[in-house]
Each structure stands twice: as structure tokens, then as C-alpha cells.
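Nothing in this text is a laboratory measurement; each read-out follows from the coordinates by a stated rule. Predicted model, so just to flag it, every value in this text is computed and none were measured. Methodologically, a virtual Cβ is constructed for each residue, glycine included, from the backbone with ideal geometry; neighbour enumeration extends over all protein chains shown.
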Ligand SMILES: [Zn+2]
């Protein structure tokens, strides 16, 4: 028997300084579509998500809420876990960086290996630290003395830290990005990262004094220092699959086939993470898929503006699949996109209720009214009308091409073109009027609908299953393998 191809996909892990907003929901949903798609291709897929819980930002948010970092982080992490459930995300596991059994041993092993390779050293450092970024930043990252991303004045810090010798791998990282050894999607992000690498990467602070930051993992051989949260967080991609004990699952799944992440953390993933992997002599992830930000009514989501859209509320109001549909259809996969309730309801009404819902209801009703025998098993119908078959095949080709290129919105555009093709066909053929080709027309429409349900399986799993149930076919299979 041919060995199944493996596919290892991750989201970034969500920072537990605040409850989830729709930006992370988008990332989860995008990764879930890829996951379900690869499972339908009969690959052995492992999909990992989780929460990043250490660092100053979490410690500060906990203090603001008058809670210990442990209690606060537990609460927020539980919300992210709940989010994966309500969005119908089919992740195989959920990693928490506070997990002392499954995560910490790998972080410590990595640290000691980097050190043994001569890539960790101690030095006195003076710099500007942005808590929002959880990183030292330079003058280039400032506008009017404030961090470009967080609009906050960074802290001037002078301390003795451990550094990671990223500069040593700078040339190699540049080459890796240029030659697509790690393919960065989209191209604009690749160019950005390549430009950074070309300028030469500097060594990066990899620890903080323990007296200033207790909320984190202590450096294995130096209790006075805490491992930098990124040098802890990035390890999640290898810790959970068993790097520390060199488990079978590690050998099987590493390297990751795709890391999904947002543009705000691309430097850590595209520059620092490869540097660490080069030092560890581990294979490099194959692809980095980078999405943009979601604005609300054209503005950045922020606590102070009070415009944060909570995905939990959205799902309670509209249901899971409408939220999945909106984010995949309306938000360009690799650019920024905008959310408004008007846009959401417009898509909901025109595409889901009227478009898809209406077509399926009409065709099933006609089939029942005319006592059309809906086949019990998979539908071999269709194809009697060559135009119909051609249109469906064309949609499948677009579906495949767009999905291979992470263009989720284009897949959905193609499927909805097929829906409107069916609508026009119905208007033209008027199958409710008794005619001799009534049977053929309905048969063609059932064929199209079963294909549409199949095309939507990775995107709108519940909706797709509902259609299959109405067609009484067995096409849909459970895709929640437990590990
Ligand atoms: Zn910042």
C-alpha cells in the first residue's frame, strides 16, 4: 500500500493578553480550510494551534485585571480553545506554552543546543523595548518617538542579556528566502523579508533578567534569566509533535508544510525562526502563508476605540458557517480587509440565504414534487447536458488552482458563479412546467448541487453536510481524527 503523504500545518499561537478578535478567527479558518482540503486528498494531516502565554505583555494585562498571570492566562487560553470549537476548527491538538510537560522540555533542549553550538552568548545591552511587539526595536521602527505598530513610547532598557547569534545565519537566510526554500506567500511579503535579510540581520536578545520578568521559562543553566517569549513561543511548532524526546511523530511531521501567520509577526517567523532551525540543524518549514489585518469600518480594531469585533458574539448571532463564509469571501487572503455589520449582512442575505440556500431548496423541492428518485448512494447523474458538465469541470479547475495558491476568496467566487449558472438554467428550462426533458433538467441540477456541496466541504463543512444529507448521499465523511 502506498504510504500516505503527510501534511503538517500550524497557525501562529495566540497571545493571551486579550480575548480573541476576528483577526485570529480568520487565521484559524484559513488554516482549517487547508487542513480539511488536504484531509479530503487523503493525506495524513496534523493541524496545530494554541496559545502563547509568557512575556511581559501577558504579565501586564494580568496585573491590570488584578489577576495572577497564571489565572489570567488560563481564562484567556480557554476562550481561544472555545473559539476553535465554535468556529468548527478541526485542529488535532492545542498547545499552551505554559504546558510544563509537553512544551517546556523542548524549549530547554533548544536553548542548550543553541548554546552548545556557540550561538548563545551574554552581553550588556542598551536598547528600546516595545512591550506591544515584545521586542527590542530600533529608531527605524519609530514615528514621533513611538512604535509604528503600537503607537506607544518604547521603554529604554539597559541590562545584561543572552543573545542569539542571528548575524551568523544572515547570508544563508537571505538565500533561503530568495530561492524559495521557504516559500513566503504573498510575494510582497517575501520581498519585504528579503530586503530585511539583505541589510544583514543583527544578533537578537534572547533573554530578560528574571528580576524584571518572572512570567516565563527560566534559562536552563542560569536562574537569573528568563527565556525571551519568542524563543519560547516559536518552539511550539516542534515541541508538541515530540522534539524533546525525538518521538516518531516528530520525525513524521517535521518540517511544517505551512505556517499560517499575520503580517505583524512575519519577521519572527521568516527571519529568526529559520536562524534557530539552521543552528539546530533541523529542516526548514516549506511555506509561510501571511495574512493581513481586519479593520472595522475602516479603522484598526482597538480597545480604546471600543470597536473590537468578538467572533464568539458574531457566531452566536449568525452561526458558524456565515462567519467562516464572510471572512473567507470578503477579506482578501493576503491583504487587509474591512469588516462592517452591513457588509456582513449583505453577504449573508445575498450569497447564503438567497444564492446557495435558495438554489438548494428549489432543486430539492422540485425533485420531491416530481417524485424524482434521488439516488441513494453517490450521485452518478449529470453529464447528460454537456454544457453542464463543462461548467462544473471548469469550476473544479478554478477551485483547485485558487486553493493551491491560498486564494480562498477566488474559490468561493468560482462556486458562486456555478450557483448563478444553475439559477439561469432553471429560469431558461422552467422545469416546473411539465415537459419531456424535466427529468434531465432536475438530474443535471442535482449533479451540480452535489458538486457544489463537495466544493464547499473545506469552507462550510456544516452547510455542505446538510446538502449531502438532503441529497441522501454518503459523500461527506467525518474529518475529525483524534490523535
Ligand atoms: Zn510595538
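Can you put 204, 227 in order of Cβ neighbours within 10 angstrom, beginning with the fewest? Display every interim value, and only then the final one.
Details: 204 21, 227 26.
Taking fewest neighbouring Cβ atoms as first place, the list is 204, 227.
Which angle from 0 to 90°, rounded to the nearest 10, does the C-alpha axis of helix 320-330 make with the longest principal axis of the chain? Approximately 80 degrees, to the nearest ten.
Using the Cα gyration tensor of the range 243-377, with a ≥ b ≥ c the square roots of its eigenvalues, what is the shape: rounded (a/c below 1.5), prolate (a/b larger than b/c) or oblate (neither)?
Numbers: a/c = 3.34, a/b = 1.51, b/c = 2.21.
It is oblate, given that a/c is not under 1.5 and a/b is not larger than b/c.
Shape call for the range 169-293 from the C-alpha gyration tensor, a ≥ b ≥ c root eigenvalues: rounded (a/c under 1.5), prolate (a/b greater than b/c) or oblate? Cα axes put the range 169-293 in the oblate bin. Once R0 is set to 41 Å, what does the formula 1/(1 + (r/R0)^6) return for the Cβ-Cβ distance between residue 42 and residue 158, expressed as a FRET efficiency to the nearest 0.05? The value I calculate is 0.15.
Residues of the range 193-218 falling in the label zone of residue 121, defined by backbone nitrogen less than 19 Å from a point 7 Å along Cα to beta-carbon, are 200-208.
If you line up the long axis of helix 187-198 against the longest principal axis of the chain, both from Cα atoms, how many degrees apart are they, to the nearest 10? Helix 187-198 sits roughly 10 degrees off the main axis of the chain. Listed by Cβ neighbour count within 10 Å, with the fewest neighbours leading, 77, 68, 207 appear as 68, 77, 207. Quick one: angle between helix 22-40 and the longest Cα principal axis of the chain, in degrees between 0 and 90, rounded to 10, please. Helix 22-40 and the main axis of the chain meet at about 60 degrees. The length gained by stretching the chain between residue 2 and residue 142 to full extension, at 0.36 nm per residue less their Cα-Cα distance, is 45.0 nm.
Hey, what number do you get for the chain at 222 nm if only DSSP H runs of n ≥ 4 count, each worth -39500 (n - 2.57), divided across all residues, to the nearest 500?
Numbers: 18 runs with 212 residues, N = 483.
Calculated at 222 nm, the ellipticity per residue is -13500 deg cm²/dmol.
For the range 39-138, a/c is not less than 1.5, where a ≥ b ≥ c are the root eigenvalues of the C-alpha gyration tensor, and a/b does not top b/c. That puts it in the oblate class.
Estimated at 0.36 nm per residue, the fully extended path between residue 401 and residue 195 surpasses their Cα-Cα distance by 71.3 nm.
Using alpha carbons only, how many angstrom separate the centre of the range 213-235 from the centre of the range 1-17? If we compute the Cα centre of each part, the gap is 25 Å.
What the Cα convex hull of the chain gives, in volume per residue, is 158 Å³.
Residue ranges 297-305, 425-433 sort as 425-433, 297-305 when ordered by packing (mean number of other C-beta atoms within 10 Å per residue, highest first).
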